[in-house]
Amino acid sequence: MSKTVFDRPHSLSPVPFHYCPGCTHGIVHRLVAEVIDELGIEGRTVGIAPVGCSVFAYNYFECDMIEAPHGRAPAVATGVKRSRPENVVFTYQGDGDLAAIGTAETVHSATRGENITIIFINNAIYGMTGGQMAPTTILGQVTTTTPYGRQAAVQGCPVHVCEMLSTLDGTAYAERVSVDTPKNIIAAKKAIKKAFTNQIEKKGFSIVEVLSTCPTNWGLSPADALEWLRKNMMPVYPLGVYKDVDNVHKEEN
Amino acid sequence: MTTKILIAGFGGQGVLFAGKQIAKMGMDAGMKVSWLPSYGPEMRGGTANCSVIVSDEEIGSPIVNTPDILFSFNIQSFDKFEKSIKAGGILFADSSLISKKSTRADIKCVYVPATELASENELTGGANVIMLGKFIKETGLFAKDEFIEHMVSSIPSNKAKLIENNKKAFSIGYNYEEN
Amino acid sequence: MAKVLMKGNEAIAEAAIRSGCRHYFGYPITPQTEIAEYMAKRMPKIGGLCLQAESEIAAINMVLGASSAGVRVMTSSSSPGISLKSEGISYMVGSDLPCLILNVQRGGPGLGGIQPAQSDYYQATKANGHGDLHLIVLAPNSIQEAADCTSLAFDLGDKYRVPVMILADGALGQMMEPVEFSGNEKTELPEKPWATTGTGMKRKKNIINSLYMQPDELESSINERFKRYDVIEKNEVRYESYLAEDADIILVCYGITSRICKTAVGMARKEGIKAGIIRPITLWPYPKEALAKAAETASEFLVVELNKGQMTSDVKLAIECSRPVSFYGRTGGVMPTPEEILEQIRMIGGRIK
C-alpha cells in the first residue's frame, strides 16, 4: 500500500499556473494554500488579488476570490472584512500595485489597523507589463524604463515597505521574508501563518513582504535570479521582523 | 395661498434656524413647505440666507427670488434684497444693524432693533427669535402659542434655559411696538 | 409615520438605512457631507458602519468589497469626487455588483464651484467609467422622491446586479421638505448566492471578476449584461407627465430644474400658452417612448437644465428630430428664475401661433 507524503494543498486549485519558469509566485501560492489548509479556514476565506502577475489568482485558490482594481485590494479587503468580520480576508499584491498606484490604500488600511492579511510580492520589477521600473527597483537596476539603471536623482529611491508600515500604529505585524532557499521558504511559511493567525486572533493589520524573483524580466536563469536576489536585493531589503505587537486596538478592549 | 419668505443675514445670526421654524410650523399645520439655504463655503461669518415657502398647494420652484416677506439682519442683505420684495409685501429689518430705511411706498416696513433688544435682555444670539415674534404678530401666519410650542419642541428638554430664553425672546419681539 | 422636515442629503441617508443599507463609505466633499455625518451618527447605533475613506477611490473600492460580500452598500459624493470613483464604478459594472452611488452635483469642470449644477448628465448617462456600460440613473425632484428613489435604487440594483446612481444636485441635497418614510424597515433582503462570503466548504468558490482574457468570453459577458439592460429599458422607465397631453410646448427637465419649470409652466398656462412637462425620473433608461408620443401632438420641445444642453441630444434622438428642440440653461451654480423660463416659453409660443 502506498502512502502519500506530498500532495497539493486542498485550497490550491488543480490547474496549471500561468507563471513563467523559475518565478517564485508558485512557491508563495503554495505556502498560502498550505497555511489556509492547516488553519482549516478555506471555507471562510476570501482572497483578493488586484492587477499584476497574480491577477489570475482567482483561478488558483479554492476559496472565494475577488479580482480588484490596480492598487485597491486593501480598500476592497476593508469592504469585505467590515461587512463580514467572520471571514478571513487576504490580499495578494505585487510591488507596483502595493507600493506605487496603491500606496494610499496600503498606508491607510494599515493605519486603520484593518484586521486583514497582506501577502506582498517584492520582485523589484513590473512583471506583467514586461519589465518596467517598480517602486522597489533598486538603484542602478536596469529595467525597460530605466535602461541606464535607476538613478536616485531621476527616478528616486526604492520604497522600503515593511520599514515604512512598521512606523504606523495600526500595523500589528510586518515581516520581510524570502523564498530563495528551502530554509527561507520554511521561514516564509511561518511568517505567512502568523499573518493569518493574527487576523483570526483579531490583532490587526499584518503584512508579509516576500522577496521574489522574476527571471524572465531580470533576464537571468532561475538559478542566477536567486543568486541576484541574494546579492542585490537582500542588502537593500534586509530580512526580518519589523513589527510584531500584540494588538493594535488594545485601548478599545 | 402661497407665502414666499427670504431670511438673510450673516452666518451665526440664526438665519437658517429662523427659516426652519417657519417651515416646520407650516408642515405641522398641514401645509406644503420648502426650505432652501443659499450655502457658502464658510460656516460662520459669511452671508447666509434661506428661502422658505409655505403654501396650501404643491410647491414648484423652492427658490424665492421675489419674496412676500424679507427678514434682513444686515446691511448687505438689505441692499441686495429690499428691492426684490413683492409689492404689498413686508420687510422686517434689524434696525440695530441697518441704519437705512426703505424708500418704497408699496411695501410695509417693520423695523425692530432686534440685536439691541437681545443684548439688553441677556439673550445674545436671540435676535432671530425676537424677529420671529414680531413676524407672527404682524402677519398672523400662525397662531402665537402654537408657534412657540413648535419652536421649543425641537430643543432637547435638558436645555431648559434655552427653552426659556427662546420663549422670552419671542415674546419681546411679539410685544415690541415701534415708536 | 408622521412627516418630518429633512434635508435631501439626510433623507437619502435615512432612506438608505431603512432599505437595509448598513455600510457606508465616503469622503467629505461639499455639498453632500451631511450624508457622511448622518451615517456616522446613526450607523454605530444600529450595528452598521460608516467609514471615512482616505480618498474617493478607496471609498468606491470599499463599496466594491462590501458589495462582493453581499451586503447593501452605498457611497456618496459630488461631481469631482464622482470622477475619481469612475474607475471603481466601471469595475463594479464589469463584476455585476450592485450598489448605490449618490452624486449631489456641483458645478464643474475641474474644482468648479459648490453650488447646484446638472453638468454631470453626460457622465452619469453615457460614460460613468470606461467600457460598454450603463448605470441605472435616477433623478428625483423633491425630498420625498429622493427618499423613495433611494429605496428603489437598492431594489433595482439587487434585481439586475447593476450599480445605481441617484443624480441629485446641491439644491436638492441642501433643501428641506417634509418627507414620510413609507412602511416598515426592510429586514428581508434578497439572497445573493453569488457573493464571496466564504464557501463554507459546501459550494464551489465564487469569483468576483471583471477580467476576461479571451475576446469571445468578454464579448459574451457583455452581451449577457446588455440583455439585462434591454429588460431594464423595457421595464424600469419612469417619468412624470405634467399638463403634457394637450401641450403645444413640452418642457423636458429633471431634478431641481423641473421644479422651476413647473412654476414657469403654471405662469404660461395663465397667459393661455399651452405648455407642459415631461420629466424623466430615470435618466437611464430614458423615457424615449413618452417623448416620441408627445411629439405626435406637441409643436416644439424646450430642454431646461443646469448645464449647456447635455440632455438635448437625447430628446432629439427620442423624437427623431421630428420637432424643433431648443434649450435654455444656466451654469456655474446660477439657477434660472421661472420668469427666465417663461420668457423662453413665450418666444416659442410666439412662433408656433
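Determine whether the range C:88-101 contains at least one residue that is farther than 30 Å from residue C:222 by Cβ and surrounded by fewer than 24 Cβ atoms within 10 Å (Cβ to Cβ). Looking through the range C:88-101, none of the residues is farther than 30 Å from residue C:222 by Cβ and surrounded by fewer than 24 Cβ atoms within 10 Å (Cβ to Cβ). Considered as a group, the residues in the range A:23-61 that are in contact with a strand residue (DSSP E or B) (Cβ under 7 Å, 6 or more places away or on another chain) and in a loop (DSSP other than H, G, I, E, B) include one that is farthest from residue A:88 (Cα to Cα), and that residue is A:52.
Is it true that some residue in the range A:144-154 is crowded, with 24+ Cβ neighbours inside 10 Å and either within 14 Å of chain C (Cβ to nearest Cβ) or without any contact (Cβ under 8 Å) to a residue 60 or more places away in the chain (or both)? No, every residue in the range A:144-154 fails to be crowded, with 24+ Cβ neighbours inside 10 Å and either within 14 Å of chain C (Cβ to nearest Cβ) or without any contact (Cβ under 8 Å) to a residue 60 or more places away in the chain (or both). Among the candidates B:114, B:105, the residue that is among the aliphatic types (A, V, I, L, M) and out of contact with any Asp or Glu (no Cβ under 7 Å at 6 or more places or on another chain) is uniquely B:105. Among all residues of the range A:48-61, there is at least one that is within 19 Å of residue C:71 (Cβ to Cβ) and touching a residue at least 40 places away in the same chain (Cβ under 8 Å).
Looking only at residues that are modelled with pLDDT of 95 or more and in contact with a Lys or Arg (Cβ under 7 Å, 6 or more places away or on another chain) in the range C:186-199, which one is surrounded by the most Cβ atoms within 10 Å (Cβ to Cβ)? The qualifying residue surrounded by the most Cβ atoms within 10 Å (Cβ to Cβ) is C:198. Scanning the range C:69-91 for residues that are under 16 Å from residue C:190 (Cα atoms) and either without any contact (Cβ under 8 Å) to a residue 24 or more places away in the chain or among the hydrophobic types (A, V, I, L, M, F, W, C) (or both) gives C:69, C:71, C:73. As for the range C:323-338, it holds at least one residue that is of a type in the set (A, V, I, L, M, F, W, C), more than 14 Å from chain B (Cβ to nearest Cβ) and out of contact with any His (no Cβ under 9 Å at 6 or more places or on another chain).
Of all residues in the range A:39-51, those satisfying the criterion of being more than 7 Å from every other protein chain (Cβ to nearest Cβ) and surrounded by 24 or more Cβ atoms within 10 Å (Cβ to Cβ) are A:47, A:48, A:49, A:50.
Put simply, of A:101, A:36 the only residue that is within 28 Å of residue C:50 (Cα to Cα) and either under 17 Å from the mean Cα position of the chain (by Cα) or away from every other protein chain (no Cβ under 12 Å) (or both) is A:101. Across the range C:180-213, the number of residues qualifying as within 7 Å of chain A (Cβ to nearest Cβ) and of a type in the set (Asp, Glu) comes to 0. For the range C:316-333, does any single residue satisfy the condition of being in contact with a Pro (Cβ under 7 Å, 6 or more places away or on another chain), modelled with pLDDT under 95 and either of a type in the set (A, V, I, L, M) or within 22 Å of residue B:51 (Cβ to Cβ) (or both)? Yes - at least one qualifying residue is present in the range C:316-333. No other residue among C:278, C:208 is of a type outside the set (Ser, Thr, Tyr), crowded, with 24+ Cβ neighbours inside 10 Å and within 30 Å of residue A:40 (Cβ to Cβ) apart from C:208. When the residues of the range C:1-18 are filtered to those that are closer than 19 Å to residue C:51 by Cβ and more than 13 Å from chain B (Cβ to nearest Cβ), the one that is surrounded by the fewest Cβ atoms within 10 Å (Cβ to Cβ) is C:14. For the range C:21-47, a residue qualifies if it is touching an Asp or Glu at 6+ places or on another chain (Cβ under 8 Å) and surrounded by fewer than 19 Cβ atoms within 10 Å (Cβ to Cβ), and exactly one does: C:42.
Residue by residue, here is whether (1) over 30 Å from residue A:81 (Cα atoms); (2) out of contact with any Phe, Trp or Tyr (no Cβ under 7 Å at 6 or more places or on another chain) holds:
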| site | (1), (2) |
| --- | --- |
| A:193 | no, yes |
| A:201 | no, yes |
| A:211 | no, no |
| A:216 | yes, yes |
| A:222 | yes, yes |
| A:232 | yes, yes |
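Kindly indicate whether any position in the range C:250-263 is surrounded by fewer than 17 Cβ atoms within 10 Å (Cβ to Cβ) and either within 14 Å of chain B (Cβ to nearest Cβ) or more than 22 Å from residue C:152 (Cβ to Cβ) (or both). No. Residue C:61 meets all of the listed conditions (1) of a type outside the set (Gly, Ala, Ser); (2) surrounded by 21 or more Cβ atoms within 10 Å (Cβ to Cβ); (3) not in a helix (DSSP H, G or I) but one, namely (3). Where strands (runs of 3 or more DSSP E) fall entirely within the range B:25-131, those with at least 2 residues that are within 11 Å of chain C (Cβ to nearest Cβ) and crowded, with 20+ Cβ neighbours inside 10 Å are at B:32-38, B:47-55. Considering the conditions (1) surrounded by 24 or more Cβ atoms within 10 Å (Cβ to Cβ); (2) over 17 Å from the mean Cα position of the chain (by Cα); (3) aromatic (Phe, Trp, Tyr), residue A:92 is excluded by exactly one of them, (2). Can you say whether residue C:29 is out of contact with any strand residue (DSSP E or B) (no Cβ under 7 Å at 6 or more places or on another chain) and among the β-branched types (Val, Ile, Thr), as far as the supplied structure shows? When the stated conditions are applied, residue C:29 does not pass them. Just to be sure, is residue B:165 of a type in the set (S, T, N, Q) and either closer than 22 Å to residue B:90 by Cα or not in a helix (DSSP H, G or I) (or both)? Judged against the criteria, residue B:165 is not a match. In the range C:222-239, the residue that is surrounded by the most Cβ atoms within 10 Å (Cβ to Cβ) out of those that are of a type outside the set (Lys, Arg) and in contact (Cβ under 8 Å) with a residue 60 or more places away in the chain is C:232.
Listed here are the residues, each with its yes/no results for (1) over 21 Å from residue C:145 (Cβ atoms); (2) of a type in the set (A, V, I, L, M).
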site: C:244; (1), (2): no, yes
site: C:268; (1), (2): yes, yes
site: C:275; (1), (2): yes, yes
site: C:297; (1), (2): yes, no
site: C:306; (1), (2): no, yes
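Looking at residue A:191, is it free of Cβ contacts under 8 Å to residues at least 60 places away in the same chain, of a type in the set (A, V, I, L, M, F, W, C) and at negative phi? In short, yes.
The values are calculated or read from the model by the stated rules, or taken from the named source; none is laboratory data. It should be emphasised that the depicted structure is a prediction, and the values quoted were computed from it without experimental measurement. As a convention, Cβ positions derive from the backbone with ideal geometry for all residues, glycine included, and neighbour counts pool all protein chains shown.
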